[in-house]
Amino acid sequence: MSDKKEILRKLPKTDEMLQDEHLLFFTQKLSARTVADTVRNLVADYREKILSGEINEAPDKDTLIEETVRTLRTLERGGICRVVNATGIVLHTNLGRAVLSERGVKAADLAASGYTNLEYDLEKGCRNSRQSHVEDLLTEITGGEAAIVVNNNAAGVLLCLFALAHGKNILVSRGELVEIGGGFRVPEIMELSGGILKEVGTTNRTRISDYEKAITEDTGAILKVHKSNFKMVGFTEEASLSELRELGDKYNLPVIYDYGGGLMTNLGNRGVREQSLMEIMKAKPDVVLFSGDKLFGGPQAGIAVGTKEAIRKMSEHPLSRALRLEKMTLAALEGTLIDYLDMKSSIKMNPTLHMITVEKDELRLRAEHLKDMLTKAHGENEELAFSVTEVEDKIGGGAAPDAVLSGYGVVVTSDKTPIMTLEKELRLSSVPIITRIRENALVISVRTLLKGDEEAILCAFKERLKTC
Ligand SMILES: *Cc1c(COP(=O)(O)O)cnc(C)c1O
């Protein structure tokens with residue numbers, strides 16, 4: 001026991017710690033009370049650990065200060081906070097997938113901060129559908145007859161199957177009974193919709209004749225699912241959407257395509273071998289469904305485009321009320337769609353498309369600029385070394401898994417700090433910087449950096465040296 005007392009006595013004194021300049025800095029940003037409470041809680045935690053024998057050495061003052069600063073920074077950031085995506089993964093699901101365009105942001109802000117004509121027809125002075133704002137834009141841009149939007153693509157598929165094939169057999173290729181990121185499992189959604197799954201073909205090969213053989217009086221729909229997040233190679237075969245369309249016409253069955261990504265324009269020349277929505281629309285599926293926040297580059301939403309009849313059935317289904325999109329998202333989606341009215345300029349306006357298509361030379365210049373900034377800030381004798389490197393970026397978000405976007409980044413190496421520690425320090429800085437580790441070096445990819453991110457990175461490195 002006396003040992004423990006001895007250790008406890010070595011614990012830094014709260015009052016002494018509160019005089020530290022780093023903590024004084026936070027008393028201005030937060031409050032003196034918050035800082036004092038944080039220190040007390042931390043010291044109390046250590047006290048307990050010492051008494052329980054979990055540790056048998058008191059932490060020194062610097063360690064305690066560092067831990068306090070980390071906690072205070074978390075408090076200062078609050079809940080959902082800005083982070084810098086330096087991973088080079090454009091649609092990073094953990095970091096919120098697509099970044100909205102300027103028009104999308106403005107529209108969402110407007111909808112959030114005041115009253116709007118969300119469900120009001122200004123001409124007639126009466127109630128209107130919230131869908132009307134985006135339906136016309138969607139039909140104009142995609143060439144579909146009608147459209148409806150819901151919460152996300154999972155909701156869209158659920159609503160579609162409910163409305164079109166409840167209690168009926170739904171034909172799906174065995175090779176497409178897949179799980180897409182975040183636990184979207186095709187067989188489970190199907191079951192939830194009250195449709196009866198009829199698997200056709202084999203895992204690697206499904207022919208149109210396999211579908212035809214499976215059609216009975218109880219068949220309600222043909223569903224095709226895009227293998228968004230994986231590729232099958234080798235001895236494979238699948239029925240095309242056009243073939244399925246023909247079959248659907250022959251037996252008077254709706255053809256539904258769960259497309260996922262929502263790429264609005266062909267990017268084949270950028271190494272993105274995904275069919276665009278325009279190409280899909282040529283096959284005239286009854287309904288095509290995709291996410292708002294994947295390659296489409298908008299807010300989280302489930303977008304369904306198709307025939308008047310199919311979309312009417314979806315709109316009239318009671319579930320559509322439960323899955324309806326809220327006003328900020330709807331406004332953001334409208335803004336994103338307006339950008340698409342001019343397909344050429346949309347590639348620049350839509351951050352997702354812009355980040356995917358940006359020229360490699362531009363990325364190299366940006367990487368060199370960032371390297372120079374960091375080198376200058378760190379001086380000659382620092383333990384860290386910065387250099388420019390080629391990197392392989394990705395689209396992410398479970399889209400086009402084999403598409404490699406070749407770009408540039410800054411490599412950070414250190415002969416003192418372990419790279420894992422450095423990664424963590426940056427991740428826990430005031431504005432967290434999310435990086436990748438490659439061959440015992442830290443990589444900052446510049447493709448996914450947004451306006452002001454370079455400064456935030458610089459600041460995070462300075463914070464390490466406690467000069468920020
Ligand atoms: C991503 C994806 C989904 C799920 O979409 P969410 O918008 O995340 O709900 C469903 N199907 C396919 C083919 C997908 O790619």
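The values are calculated or read from the model by the stated rules, or taken from the named source; none is laboratory data. Everything numeric in this text was worked out from a predicted model, so none of it was measured. A quick note on method: Cβ atoms are made from the backbone with ideal geometry, for glycine too, and the neighbour counts reach across all protein chains shown.
Overview of results
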read-out: Subset of the stretch 135-160 (residues that are near the ligand (Cβ under 10 Å from one of its atoms) and of a type in the set (A, V, I, L, M)); value: Val150, Ala154, Ala155, Val157, Leu158
read-out: Residue ID - modelled with the highest pLDDT, chosen from residues in the stretch 6-36 that are exposed (fewer than 13 other Cβ atoms within 10 Å of the Cβ) and within 19 Å of Leu75 (Cα to Cα); value: Arg33
read-out: Among residues of the stretch 399-421, those that are buried (at least 23 other Cβ atoms within 10 Å of the Cβ) and within 16 Å of the ligand (Cβ to nearest atom), counted; value: 2
read-out: Of the criteria (1) surrounded by 13 or more Cβ atoms within 10 Å (Cβ to Cβ); (2) at pLDDT below 95, which one Val446 fails; value: (2)
read-out: Within the stretch 169-243, strands (runs of 3 or more DSSP E) holding 2 or more residues that are closer than 14 Å to Leu158 by Cα; value: 196-200, 219-225
read-out: Selection within the stretch 254-288 - among the basic types (Lys, Arg), closer than 23 Å to Thr307 by Cα and assigned to a loop (DSSP other than H, G, I, E, B); value: Lys284
read-out: Filter result for the condition that a residue is of a type in the set (A, V, I, L, M, F, W, C), buried (at least 16 other Cβ atoms within 10 Å of the Cβ) and farther than 30 Å from Gly297 by Cβ, over Leu223, Leu161, Leu137, Leu171; value: Leu171
read-out: Criterion violated by Ser276 - all others in (1) within 15 Å of the ligand (Cβ to nearest atom); (2) under 28 Å from Leu323 (Cα atoms); (3) in contact (Cβ under 8 Å) with a residue 24 or more places away in the chain satisfied; value: (3)
read-out: Residues of the stretch 289-306 classified as near the ligand (Cβ under 9 Å from one of its atoms), buried (at least 24 other Cβ atoms within 10 Å of the Cβ) and in a loop (DSSP other than H, G, I, E, B), total; value: 4
read-out: Residues satisfying the stated conditions in the stretch 259-307, i.e. in contact with a helix residue (DSSP H, G or I) (Cβ under 6 Å, 6 or more places away or on another chain), among the polar types (S, T, N, Q) and farther than 24 Å from Ile222 by Cβ; value: Thr265
read-out: Matching residues, the stretch 112-166, being of a type in the set (Gly, Ala, Ser) and either at positive phi or in a helix (DSSP H, G or I) (or both); value: Ala112, Ser113, Gly125, Ser132, Gly143, Ala154, Ala155, Gly156, Ala163, Ala165
read-out: Any hit, the stretch 309-322, residues being among the acidic types (Asp, Glu) and under 30 Å from Leu110 (Cα atoms); value: yes
read-out: Any chance Ile65 is touching a helix residue (DSSP H, G or I) at 6+ places or on another chain (Cβ under 8 Å) and either part of a helix (DSSP H, G or I) or at positive phi (or both); value: yes
read-out: Residue satisfying all of: in the stretch 1-23; among the hydrophobic types (A, V, I, L, M, F, W, C), within 17 Å of Asn41 (Cα to Cα) and in a helix (DSSP H, G or I); nearest to the chain's Cα centre (by Cα) among these; value: Leu23
read-out: Residue list for the stretch 220-240, filter: under 25 Å from Gly167 (Cβ atoms) and within 14 Å of the ligand (Cβ to nearest atom); value: Leu223, Lys224, Val225
read-out: Some residue of the stretch 344-362 being over 26 Å from Ile141 (Cβ atoms) and in contact (Cβ under 8 Å) with a residue 40 or more places away in the chain; value: yes
